Amino acid sequence: MKSLTILVQKALEESSAWCHTSAAMDVKTIHGRVEDEGVSFLTITLPNFGKDLEKGLDQGFVDRSLFQGFSWKGGLPRFLGGFLDPIFDRSTGRLLPHPSIEAIHAVRQITLMCGKVELECAEWRVKSAFDKYVATEEEVKEADKNFHSDRKDQFGRIASLLFGKVLSKVDSDIYYGRIVPKHGSGSTADRIKGNQKYEQTIWTDRLEEYFPSGEYLTSSWGLFLDNSDQFTYLSPGAEIPAKVISVPKTLKTPRLIAMEPTAMQYAQQGLMESIVNAIEEDDISRQLISWKSQTPNQELASKGSSDGTLATLDLSEASDRVSNQHVRHLLRNHSHFAGAVDACRSRKADVDGHGVLRLAKFASMGSALCFPFEAIVFCTVLFIGIENELGRPVTMRDIKSLIGKVRVYGDDIIIPVEYVSSAVSELEAFGFKVNTNKSFWTGKFRESCGKDYYDGHDVSIVRVRSLLPEQQKSVPEIISTVSLRNQMYYSGYWATVKWLDDIIERLIPFPYVLPTSPALGRWSFLGYESERFHPTLHKPLVKAAVVSTKLPKSNLEGYAALMKFFLKRGDLPIADRKHLEQAGRPVSVDIKHRWTSAI
């Protein structure tokens with residue numbers, strides 16, 4: 001933990017030079033509080049300080065409701081006072097007419113950089129997260145009771161206007177049997193891994209109607225009929241539930257995801273591909289929601305920070321609050337699509353400490369259909385808010401006029417400021433929770449999809465994702481720290497980078513390479529170094545550490561291997577020549593020292 005403290009100190013001292021202030025007392029405060037409070041000061045308390053800064057920027061002032069746990073002098077905290085003085089008036093706490101962009105960036109970098117370090121939570125925090133998952137379920141059920149007929153009619157009408165062509169296209173794909181299923185590499189609720197998924201013999205009665213096992217489980221109907229006695233069909237009551245698990249996120253809270261049963265995920269992946277393709281082919285939908293790039297959201301956030309016309313909204317527990325009733329009504333006029341979605345949706349989830357629960361939510365994070373449907377639902381509700389603000393039915397002309405002003409990427413939302421109040425009201429009426437700590441529309445600060453802006457200036461920061469490595473066998477930490485070093489370099493923290501270089505060089509060879517190199521190397525504006533050239537390809541080579549992953553053994557042969565071939569996307573062969581011998585998520589990650597390209 002000491003290395004994280006020194007890292008923050010290095011960034012703080014370098015920032016103080018940029019902002020022409022002294023950080024001596026701030027460094028002393030950090031060391032003292034880490035000694036008293038532990039690493040939580042860096043990962044929880046400091047990030048809360050950074051979030052309070054953002055709130056102050058948004059509302060135009062700070063008061064004693066912010067920066068709690070820190071002593072004050074006048075209208076501002078003493079901690080980081082030399083950085084806060086060029087931002088706020090110390091006597092009143094009011095935002096200055098022209099606050100220092102450098103100071104804003106510095107405070108955010110210092111306070112927020114350790115807020116996303118992946119650490120195991122305390123057991124009570126994990127239990128609390130599972131309890132919250134169950135409590136959210138009850139809130140979704142309550143919200144369903146308020147989904148009255150008049151609200152359903154408005155929801156359905158606007159959804160048809162926005163996404164009617166998309167929904168019809170997918171409906172047609174299902175009717176004509178154009179859905180091609182797909183297996184993922186991740187874990188499943190029934191613990192089937194790797195290539196074993198192509199040998200699955202468990203199906204459900206619900207899936208059979210829209211995804212016939214004779215077409216989806218074997219390479220031919222003849223083979224299926226010859227082996228029909230090997231397949232097991234589960235009735236709805238006997239289906240395997242999704243398994244809700246926790247994975248490390250931050251010291252403050254874990255991330256909960258749901259592992260879907262293999263059969264369900266297999267069908268979900270095929271449906272998701274059809275939905276994504278239909279959206280990308282539609283001129284309207286692809287400009288309102290998308291999965292291919294976060295850049296449009298980031299550019300709109302920058303514009304909103306500059307001219308104040310666009311707001312950025314963020315939703316809490318977004319995926320867990322999309323109700324199955326929302327999706328059912330969304331698809332009410334598309335019977336094949338509705339039936340297929342219902343067939344591959346897990347109706348129950350096994351939640352640690354609470355047993356198997358019947359779900360009111362549509363799907364948890366982990367379902368392949370979670371992300372596309374939440375975006376469609378959120379976008380529809382936004383336009384309900386816009387319609388209510390207009391005081392008349394929204395038209396296609398209205399929708400086209402708002403392209404480039406309304407955009408949804410997951411739970412990151414862009415919307416014109418004049419519609420924020422009505423949109424937030426509708427989102428909450430539908431049972432969603434707007435995260436006011438990460439939603440901005442009144443000041444000049446905006447954030448969306450990992451980028452942050454103030455008055456048109458990029459004030460995004462570099463985040464630490466893991467503890468710093470102390471030995472060569474700390475492979476994930478080495479990989480993460482190399483990435484951190486290179487990001488810090490491009491952010492201009494060169495003194496901090498030099499300190500990180502010393503840590504890395506003690507563990508691995510660390511030559512200068514281009515960002516396109518496979519080596520774990522250091523990036524520089526001055527280019528790369530070359531120790532020798534490849535004898536035939538004439539590429540510059542360096543001796544460096546290269547990431548090496550080991551996939552689990554998973555042999556596949558016979559008709560199951562043929563099935564994997566038929567499910568392959570594209571005309572090119574599978575890149576991994578050993579894909580029939582090993583498959584799945586890596587069981588280990590290592591680094592090997594060898595000659596490799598510097599470019």
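The values are calculated or read from the model by the stated rules, or taken from the named source; none is laboratory data. These figures come from a predicted structure and were not determined experimentally. Reconstructed Cβ throughout: ideal geometry from the backbone, glycine too, with neighbour counts over all protein chains shown.
Against the test of being in a loop (DSSP other than H, G, I, E, B), over 19 Å from residue 6 (Cα atoms) and among the acidic types (Asp, Glu), the options 52, 63, 131, 58 yield a single qualifying residue, 63.
For segment 126-159, taking the residues that are in contact with a Leu (Cβ under 8 Å, 6 or more places away or on another chain) and not hydrophobic (A, V, I, L, M, F, W, C), the one that is surrounded by the fewest Cβ atoms within 10 Å (Cβ to Cβ) is identified as 156. Considering 473, 498, the condition of being within 26 Å of residue 586 (Cα to Cα) and exposed (fewer than 14 other Cβ atoms within 10 Å of the Cβ) is satisfied by 473 alone.
Figure legend. Inter-residue proximity from segment 578-589: first residues of a type in the set (S, T, N, Q), second residues surrounded by 13 or more Cβ atoms within 10 Å (Cβ to Cβ), beta-carbon distance below 7 Å, spacing 6+ or different chains. Indicated pairs: 582/551; 582/552; 582/553; 582/554. When 407, 392 are checked against the criterion of being basic (Lys, Arg) and either closer than 30 Å to residue 181 by Cβ or buried (at least 19 other Cβ atoms within 10 Å of the Cβ) (or both), 407 stands alone in meeting it.
What strands (runs of 3 or more DSSP E) lie completely within segment 172-261 and have 3 or more residues being closer than 20 Å to residue 367 by Cα and under 25 Å from the mean Cα position of the chain (by Cα)?
242-247, 255-259
Number of residues in segment 358-371 that are surrounded by fewer than 22 Cβ atoms within 10 Å (Cβ to Cβ), outside any loop (DSSP other than H, G, I, E, B) and at pLDDT 95 or above equals 1.
Listed here are the residues, each with its yes/no results for (1) assigned to a loop (DSSP other than H, G, I, E, B); (2) under 25 Å from the mean Cα position of the chain (by Cα); (3) of a type in the set (Val, Ile, Thr).
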{"residue": "350", "(1), (2), (3)": "no, yes, no"}
{"residue": "353", "(1), (2), (3)": "yes, no, no"}
{"residue": "386", "(1), (2), (3)": "no, no, yes"}
{"residue": "415", "(1), (2), (3)": "no, yes, yes"}
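One line per residue, one yes/no per condition, for (1) surrounded by 21 or more Cβ atoms within 10 Å (Cβ to Cβ); (2) touching a residue at least 60 places away in the same chain (Cβ under 8 Å); (3) touching a Phe, Trp or Tyr at 6+ places or on another chain (Cβ under 6 Å):
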{"residue": "245", "(1), (2), (3)": "no, yes, no"}
{"residue": "250", "(1), (2), (3)": "no, yes, no"}
{"residue": "270", "(1), (2), (3)": "yes, yes, no"}
{"residue": "273", "(1), (2), (3)": "no, yes, no"}
{"residue": "283", "(1), (2), (3)": "no, no, no"}
{"residue": "305", "(1), (2), (3)": "yes, yes, yes"}
{"residue": "316", "(1), (2), (3)": "no, yes, no"}
{"residue": "320", "(1), (2), (3)": "yes, yes, no"}
{"residue": "337", "(1), (2), (3)": "yes, yes, no"}
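For beta carbons closer than 6 Å, sequence separation of 6+ or different chains, a first residue in segment 485-498 that is of a type in the set (Lys, Arg) and a second that is buried (at least 20 other Cβ atoms within 10 Å of the Cβ) and outside any helix (DSSP H, G or I), there are no qualifying pairs.
Regarding segment 463-479, can at least one residue be identified that is among the β-branched types (Val, Ile, Thr), in a loop (DSSP other than H, G, I, E, B) and within 16 Å of residue 113 (Cβ to Cβ)? Yes, that holds for at least one residue.
So that you can scan it fast, the table gives a plain yes or no per residue for (1) over 26 Å from residue 427 (Cβ atoms); (2) out of contact with any helix residue (DSSP H, G or I) (no Cβ under 8 Å at 6 or more places or on another chain); (3) polar (S, T, N, Q):
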position	(1), (2), (3)
126	yes, yes, no
159	no, no, no
164	no, yes, no
170	no, no, no
173	yes, no, no
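All told, residue 580 meets the bar of being touching an Asp or Glu at 6+ places or on another chain (Cβ under 9 Å), not assigned by TED's automatic domain parsing to the domain that holds residue 219 and not β-branched (Val, Ile, Thr). For residue 208, the test of being out of contact with any Leu (no Cβ under 6 Å at 6 or more places or on another chain), modelled with pLDDT of 95 or more and closer than 15 Å to residue 265 by Cβ is failed.
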